[in-house]
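Taken together, the values in this text are just the output of simple stated rules run on the coordinates, not laboratory data. None of the values given here were measured: they were computed from a predicted structure. With ideal geometry, Cβ positions are generated from the backbone for all residues, glycine too; neighbour counts draw on all protein chains shown.
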């Protein structure tokens, strides 16, 4: 034989002399080593991770980088076909880097699972890392990983168990949570602190995902607080906090741990320096903050529990070193707790003083926190916060948007009857220079505050005019109608004053070309001048003082012709919206009976006639109809275009549009009749001008609510006794498509002036929607303390969608349940009446929202839910922005 | 609870992303892109907090890297800054005066360290020593069995 027989030599040599013999090798490991050796020879060694990173970093252009990545991805894909590659973990690591750069890497998901199933620790470590980064909530993959996790949760190696717990904590879906809860519960009871703390946080996440699973963790949880290990303590406190927030029963159950928590906290602040947990001279601030927060939850509305923690809170508040961020962190949390529990008054004074110091701190972060906390405490002790008013107003001028936002909200919370004049001056100045994103919120808050605390009617009107001028198009639509309502019910000289003030603004905007930016202003001005134009041009109103707050009188009385010239400029502008032009056109018609000279009459007629051929059907219709009032029906004109009677404010049952406001005093619409109209409009999403003929009961609907104002204006100018000659032109004016006849006229008036007493019945449009609906999309958007709100979305005809919010409560009866919603400006939102305001366990409140989105911008919906649990008001807010992309196609 | 953590460079390159809430990949990318732009646009003198969508973003810049955490409304912002600082200290101890390149080339280690500090969006260990001990022990377990397979 040509080759020496090494095998024979092996067997004869005694083990201690044979360096290649290792008794620890069993058949399996030998096989593995052999396989790996073969593998290394058969497959060329793949690029090393750091070499790939170098290559990618060396790429000079995006295209070059893409080509490197694509080449590597192609290679990695090809290796995935190999059954048992030792290089798998390296390839996945490279893929994870590529994924971080933003390239797709989902094809590595299954490979991660193979790595997790491997017995090698390196493989597992990289596999779990990949799982956490690459896995989405897809069912099939999740089933596979649940099995892997189950195996590893039973491993003998603590680090393997740790990896599995870490992954479960990061990506647990409700199904995984249910399947693995019992394993986690077992591990909480493990004697090993490393596993115990991780299992406790896993339980925290499981309860977050599936609140029903809480019960099973209760027994194991309490003992966590008896541990010495800070990791176990902090995770235990986190878990208990979550449980307490989850259900009031659990909250009561844990009331008895208050003394334990107080003792732990006391030990922390009294114990000497411990290098392991020290942060700049403070002993374990992380644990302290968590305990303070749990104490706050346990002491809320509970005199006995609060009493037990008064002393320790005082100690923390006075003994904490405040030169560093970490000390202020603890003070901040302490102040929140003092303000939330039923604490002693001396303690509250201490807390407010701490906030006062915070507000003057040089560190921006501390100032931010102070503003934030003051906002939360302003309801508890307003006068204490009022003392800092000047500082807070100063923060409105801060260059930092975060500070400004906080200062704005706090400023509005501080407005009252005494300081309204001064505060509004500052806030109006803020409104003028503020960022676009603040304008909507700020202007509606100004409107609300003015309404609530206005010292005089004149001041109220002046403030509204300033808001109209400064907020421009960011103003909420309902401000237009509420301002009009206020003017209509004011005294005559106020109305003249309003017309004169608004004329100045209108004229300036028209001349400077800024009218497009200020359409709500133009609308209100047009309405007012149309109604009271005679007072505007008459010398009789010279007695009214036009001197403003700064002592300037810049009012110049216009001639009738000049007013009409400005109207013409605006009406012929291509930039103004249709509804603004509708306001202007009607206003101009009204002016024909307010102005006296023949020349102005003639001018008005000419302008109105030009609209007889307007490209927009609605305006054309009005042009033609109004022209008739100068010809055939000229004798009806003065009676039809009489001045509006005073409108009455009404608090609408539903809010429609834009920014939310919590105040319940703002009248959304000016007239009860308009509500009836709005309901009709809401019910006729798919209604276009052409469809009206088939639905005579819905006459007088138009596509936008502002124009319905005008229709009402016209109709209410009529004598309401049903006299046929008056009713006929009313139909002509109010309805575009119904043939002018006496019968529908009576119907029309019924429908308009008898608002439906019951909530809107299902709309005829619903049937169409159901047919057009694609797959229904549904998500739980809020889940807290057993209260759950789900939103489902369904496609509807014509760039619209129907959203249904369903609220359920597991344990409690909720009262005063209020659902509010807001959408971006380009989208229109109509809210139907909710099915109720009281939610009992097993009951359900539904709220239907109709969304019209002509521009098909991505839908974002901010919802706010408020209700009372046992007399405690709760407010939740969230934003949904993961609606299906094809919702409006 | 922390919803996610991002590390990115001054040039806006993502260096680490850790998500504790389930979002589709597309949404994650969108959030990341928008948030990076927003944070980078802020001036150095501004405060470290940003109310952004329904989360509260707490960020801090260390040398060329931004550490950025999205927290829930009721979380303590100042404590989040301490948490970020703790993570930076751990990276520094582990790599020995850490720099951006360490995190680029050893991104998996940066993840491993974060996973020993935070679990499911909540802090799991307040002792630096314990975190580093756990990492060292696992590194040892890894080197013993298969050196070189990963790197």
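Compute the length gained on full extension between residue A:353 and residue A:552: take 0.36 nm times their separation in residues and subtract their Cα-Cα distance, giving the result in nm to one decimal.
Working: separation 199, 0.36 × 199 = 71.64 nm, distance 4.29 nm.
Taking 0.36 nm per residue and subtracting the Cα distance, the gain is 67.3 nm.
Report the calculated FRET efficiency for residue B:72 and residue A:155 (r = Cβ-Cβ distance, R0 = 35 Å), to the nearest 0.05.
Working: r = 33 Å, r/R0 = 0.93.
Between residue B:72 and residue A:155 the formula returns 0.60.
Cα centroids of the stretch A:365-420 and the stretch A:572-628: 48 Å apart. Once the Cα atoms are used to define both axes, helix B:128-145 deviates from the longest principal axis of chain B by about 50 degrees. Using only alpha carbons, the stretch A:186-258 has a radius of gyration to Kirkwood radius ratio (Rg to Rh) of 0.93. Listing B:15, A:433 from fewest to most neighbouring C-beta atoms within 10 Å gives A:433, B:15.
Computed over the Cα atoms, what is the radius of gyration of the stretch A:426-531 divided by 2.2 N^0.38 Å, N being its residue count? Working shown, then result.
Working: Rg = 12.8 Å, N = 106, 2.2 N^0.38 = 12.9 Å.
Relative to the 2.2 N^0.38 Å estimate, the stretch A:426-531 comes out at 0.99.
Using the alpha-carbon centroid of each, what span in Å lies between the stretch A:56-72 and the stretch A:846-889? Centre-to-centre distance over Cα atoms comes out at 42 Å. Among B:91, B:132, a tally of other beta-carbon atoms within 10 Å of each Cβ gives an order, fewest to most, of B:132, B:91.
All C-alpha pair distances within the stretch A:292-436, sorted into 10 Å bins from zero, spread as 11, 39, 31, 15, 3 percent across the bins. Here the stretch B:41-115 and the stretch A:155-186 have alpha carbon centers that stand 26 Å from each other. Look at A:613, A:592, A:866 and count the other Cβ atoms within 10 Å of each Cβ; fewest to most, that gives A:613, A:866, A:592.
Evaluate E = 1/(1 + (r/R0)^6) for residue B:129 and residue A:856, where r is the Cβ-Cβ distance and R0 equals 60 Å; express this FRET efficiency to the nearest 0.05. Working shown, then result.
Numbers: r = 56 Å, r/R0 = 0.93.
Given R0 = 60 Å and the Cβ-Cβ separation, E is 0.60.
Across peptide A:287-293, the average count of Cβ atoms from other chains found within 10 Å of a residue's Cβ is 3.
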